[in-house]
1. Quick check on this structure: which one of I95, I104 is closer than 18 Å to K238 by Cβ and under 26 Å from the mean Cα position of the chain (by Cα)?
2. Just the residues that are outside any strand (DSSP E or B), on the phi < 0 side of the Ramachandran plot, modelled with pLDDT of 95 or more and not polar (S, T, N, Q), please, taken from the stretch 379-401.
3. Where in the stretch 74-191 are the helices (runs of 4 or more DSSP H), entirely inside, with at least 1 residues that are open to solvent by less than 50 Å² (accessible area, probe 1.4 Å) and touching a helix residue (DSSP H, G or I) at 6+ places or on another chain (Cβ under 7 Å)?
4. Going by what's in this entry, would T337 be described as among the hydroxyl-bearing types (S, T, Y) and within 17 Å of T79 (Cβ to Cβ)?
5. Is it true that some residue in the stretch 289-301 is touching a residue at least 60 places away in the same chain (Cβ under 8 Å), within 15 Å of the ligand (Cβ to nearest atom) and surrounded by fewer than 21 Cβ atoms within 10 Å (Cβ to Cβ)?
6. Out of A264, A199, A210, which single residue is away from the ligand (no atom under 12 Å from the Cβ), open to solvent by 10 Å² or more (accessible area, probe 1.4 Å), over 20 Å from T115 (Cα atoms) and not in a loop (DSSP other than H, G, I, E, B)?
7. Looking at N379, N383, which is the one that is within 16 Å of the ligand (Cβ to nearest atom) and in contact with a Lys or Arg (Cβ under 6 Å, 6 or more places away or on another chain)?
8. Identify, please: which residue in the stretch 231-261 is in a loop (DSSP other than H, G, I, E, B), more than 11 Å from the ligand (Cβ to nearest atom) and not polar (S, T, N, Q) and is, among those, surrounded by the most Cβ atoms within 10 Å (Cβ to Cβ)?
Amino acid sequence: MSSPRRAFLQTLALGAGALTACRAKTPPPQPSFLGAPISPYGERSPFVHSQRQVSERVTRTPEQASSLTPLADTYGIITPSSLHFERHHSGVPKIDPAQHRLMIHGMVDRPLVFTVAELQRLPSTSRIHFVECSGNSGNGWAPTPRTTVQGTHGLTSCSEWTGVKLSLLLDEVGVQQGASWILAEGADPAKMTRSVPLAKALDDAMVVYAQNGEPIRPEQGFPLRLFLPGYEGNANIKWLRRLKVVDKPYQTREETSKYTDLMADGTARQFTLVMDAKSVVTHPSGGQKLAGPGFHEITGIAWTGRGRVTRVEVSVDGGATWKDAALQEPILPRAHTRFRYAWDWDGSEAVVASRVTDETGYVQPTRAELVDVRGVNSNYHNNMIQAWKVKADGTVEYAVV
Ligand code: CO
């Protein structure tokens, strides 16, 4: 069994020899005209077209819908803010930050109302973390051949988030004895409301106002979002307007009729907030076509709500055998981690898959292993191993191992 470090060196060795196959036949064209002038706000190349895709779980109203990140078109671990997945329950509110307020009250000594500017005066923290909707890859409960990794896994994205540690704000208001949860409420028309354990609020939770170096995008919660690293996306309340310190979870709609996991015996798991370890190969993935036999880099992302990814293994034979992939630095807690594996494809049909292990020792399950524990009634928290079949003609299709 090779170490991730050795696997990385193997990748380099194989990569160098493999380039002969992909040499272009003509030199680069000469530039012959002046280019575009400077501009106040940058746009991507007109030759680049990747975009979010509306979820196949369509609703009758676009304000109550989700859109998926084109994972196969993103590199490294950061998702461009413009391509971060969306999930809205009542549309994206247009909020003037000068008018917005965050109220913290309930079981506190000094209830306070903060303006956005006041929060931005406080000591700040920046951290890279994923956000994943707990419905991501939920199609795995009833597999239907989806065409792309965007369709199966596009409800996860990773950004650098900047804001204030929530523990600092809770210190300011003075949490009273007996408090054990906080209730977080958004300023969207749905007033999205979730209960969060006080221990999480005092640990690594943040109130964020920036994403990837700019103010947080409206569809991600401008001007303020509650950020709970590793927790299911829905609990990361966008357009945050209120935090109430309480002594119990409030059993809101989003933690009773929704965002619960119906088990085989008819009971439901509640407050399954931490996202389990998951990985997916983004290349080769559904809808792509390999140019021919020879060197191909198998790459993808892995993540876990419980800390760091420690290992990713790749199979090219449908899970019969596994080999270590190289983990690309940085390997950050509760962030997407990029993995790579050098593959010399012999041109015969292959089934490619990845399997992650996280720092708690938890190993990503097969579909059968997951169903054994969870049954098939759930909509949420499906983290099964995802496979892609590479056919002899190079086309790639959805597969289950
Ligand atoms: Co859950």
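1. Being closer than 18 Å to K238 by Cβ and under 26 Å from the mean Cα position of the chain (by Cα) holds for just one of I95, I104, which is I95.
2. Those that are outside any strand (DSSP E or B), on the phi < 0 side of the Ramachandran plot, modelled with pLDDT of 95 or more and not polar (S, T, N, Q): Y380, M384, I385, K391, A392, D393.
3. Qualifying helices (runs of 4 or more DSSP H): 149-153, 166-173.
4. Spelling it out, T337 is indeed among the hydroxyl-bearing types (S, T, Y) and within 17 Å of T79 (Cβ to Cβ).
5. no
6. A199
7. Selected residue: N383, the only one of N379, N383 that is within 16 Å of the ligand (Cβ to nearest atom) and in contact with a Lys or Arg (Cβ under 6 Å, 6 or more places away or on another chain).
8. Residue satisfying both the conditions and the ranking: I237.
The values are calculated or read from the model by the stated rules, or taken from the named source; none is laboratory data. All values reported here derive from a predicted model rather than from experimental measurement. We place every Cβ from the backbone using ideal geometry, glycine too, and count neighbours over all the protein chains shown. The accessibility values were calculated without ligands, DNA or RNA, using every heavy atom of the protein model including side chains. Shrake-Rupley method; radii C 1.70, N 1.55, O 1.52, S 1.80 Å.
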